[in-house]
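Asker: Got a structure for you, written out below as structure tokens; questions coming shortly.
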Amino acid sequence: MLDVFEEGKVYEVLLVTRSNVTPVGVVREGERLRFKLFPGKSFREVLETGKASLQLTNDPELLVRTALNLPVELEFVEVKGHRWIKGLPGLYGRVEWKVERWKDELGETEVLLCELIPEGEIEGTPPLRPFSRADCLLVEMAVLFTRYLVKPEEKLRARILEMHSLYRHLGGRSATADHMVSFLTGKTQKGH
């Protein structure tokens, strides 16, 4: 399973901890997958347990809804202190970490630099779903939206709204995208 990750490339996957699911960008380095976590539930749970699962999905709606802490319907499996989403392939294992200070345009905070050392593979098959350019925009909109929630800036807001226009032009029809736009504009989206 580790072989599906090309070294040095960033992949968006789902991180599953004791009670949380959140998307993270992972990079393979040798036999490990590196990722970073900002303060929150997954950050605390990795510190407490030192265990996590990383799972693959081709569902941008699932990535975005978990990023925004919106409701999702998921079934979980728990085995020997590890937890994962039933039906999605991935890896589970031990997490080594270190805490560092992080500073960017949003401010300064602690970040958890993590390495998953795989201990086992998770069986699963994502639903058959073709790749869509609109899907890429939905994920990128959510990344910018989470940054906007931390530091509301007009340039971020304008960029998200511009991306949403292209998203709709490319056939995107996600209620989650409309939720982000409604938040940014204070208006309910029509037609969905």
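The values are calculated or read from the model by the stated rules, or taken from the named source; none is laboratory data. What you see is a predicted model, and the numbers here were worked out from it, not measured in a lab. With ideal geometry, Cβ positions are generated from the backbone for all residues, glycine too; neighbour counts draw on all protein chains shown. Accessible surface is based on the protein model in full, side chains and every heavy atom, while ligands, DNA and RNA are left aside. Shrake-Rupley method; radii C 1.70, N 1.55, O 1.52, S 1.80 Å.
Asker: Name the shape class, rounded, prolate or oblate, that the alpha-carbon gyration tensor gives for the stretch 44-101, where a ≥ b ≥ c are the square roots of its eigenvalues, rounded holds for a/c under 1.5, and otherwise prolate holds if a/b is larger than b/c and oblate otherwise.
Answerer: Details: a/c = 2.00, a/b = 1.33, b/c = 1.51.
Since a/c reaches 1.5 but b/c is at least a/b, the shape of the stretch 44-101 is classed as oblate.
Asker: For the stretch 41-79 and the stretch 94-139, what is the separation of their Cα centres, given in Å?
Answerer: For the stretch 41-79 versus the stretch 94-139, the Cα centre distance is 10 Å.
Asker: Moving to a separate point now. Give the total of Lys-Lys pairs in the stretch 96-189 with Cα-Cα distances below 24 Å; include a pair only if its members are 8 or more places apart or on different chains. Could you put the intermediate results ahead of the total?
Answerer: Details: K103/K151; K103/K155; K151/K187; K155/K187.
Summing the qualifying lysine pairs gives 4.
Asker: To the nearest 10 degrees, how steeply does helix 154-169 sit against the main Cα axis of the chain, on a 0 to 90 scale?
Answerer: 90 degrees
Asker: If you put +1 on each Lys and Arg Cβ and -1 on each Asp and Glu Cβ, how big is the dipole of the chain around its Cα centre, in Debye rounded to 20?
Answerer: Details: 28 positive and 29 negative charges, 125 e Å.
It comes to approximately 600 debye.
Asker: Loop-only check: which trypsin sites (Lys or Arg not before Pro) in the stretch 105-192 are DSSP coil with at most 12 other Cβ within 10 angstrom? Could the numbers behind the result be given before it?
Answerer: On the way: sites: R133, R147, K155, R157, R159, R168, R173, K187, K190; in loops: R173, K187, K190.
Passing sites in the stretch 105-192 are R173, K187, K190.
Asker: Label the stretch 1-105 by shape, choosing from rounded, prolate and oblate, from the square roots a ≥ b ≥ c of the eigenvalues of the Cα gyration tensor; if a/c is under 1.5 it is rounded, and otherwise prolate applies when a/b is larger than b/c, oblate when it is not.
Answerer: On the way: a/c = 1.21, a/b = 1.12, b/c = 1.08.
Rounded is the answer for the stretch 1-105, as its axis ratio a/c remains below 1.5.
Asker: Express the C-alpha Rg of the stretch 133-185 as a ratio against the empirical globular expectation 2.2 N^0.38 Å, rounded to two decimals.
Answerer: Working: Rg = 10.0 Å, N = 53, 2.2 N^0.38 = 9.9 Å.
Normalised by 2.2 N^0.38 Å, the Cα Rg of the stretch 133-185 equals 1.00.
Asker: Something else about it: Check each of the GluC sites (Glu not before Pro) in the stretch 53-142 and keep only those in coil by DSSP with at most 15 other C-beta atoms within 10 angstrom; list them in order.
Answerer: Details: sites: E61, E73, E75, E78, E96, E100, E105, E108, E110, E115, E119, E121, E123, E140; in loops: E73, E75, E105, E123.
Those that pass, being in a loop and sparsely packed, are E73, E75, E105, E123.
Asker: Relative to the longest principal axis of the chain, what angle (0 to 90°, nearest 10) does the C-alpha long axis of helix 175-185 take?
Answerer: So the helix axis and the longest Cα principal axis differ by about 60 degrees.
Asker: Based on Cα coordinates alone, diagonalise the gyration tensor for the stretch 65-192, multiply each eigenvalue by 5, take square roots, and list the semi-axes in whole Å, largest first.
Answerer: So the three semi-axes of the stretch 65-192 are 31, 23, 12 Å.
Asker: While we're on this one: With a 1.4 Å probe and all protein chains in place, put F43, F183, F38 in order of accessible area, largest first. Intermediate values should be presented prior to the final figure.
Answerer: Details: F43 15, F183 120, F38 90 Å².
Order by accessible area, largest first: F183, F38, F43.
Asker: To the nearest 500 deg cm²/dmol, what mean residue ellipticity at 222 nm is calculated for the chain from DSSP H runs of n ≥ 4 alone, each contributing -39,500 (n - 2.57), summed and divided by the residues? Provide the component values of the computation, followed by the final result.
Answerer: Numbers: 5 runs with 62 residues, N = 192.
Calculated from helices alone, the mean residue ellipticity at 222 nm is -10000 deg cm²/dmol.
Asker: Could you sort D3, D59 by accessible area so the largest value comes first, with the probe set to 1.4 Å?
Answerer: On the way: D3 125, D59 50 Å².
Ranked from most to least accessible, the order is D3, D59.
Asker: If you count only protein heavy atoms and use a 1.4 Å probe, how large is the accessible surface of H82, to the nearest 10 Å²?
Answerer: 10 Å²
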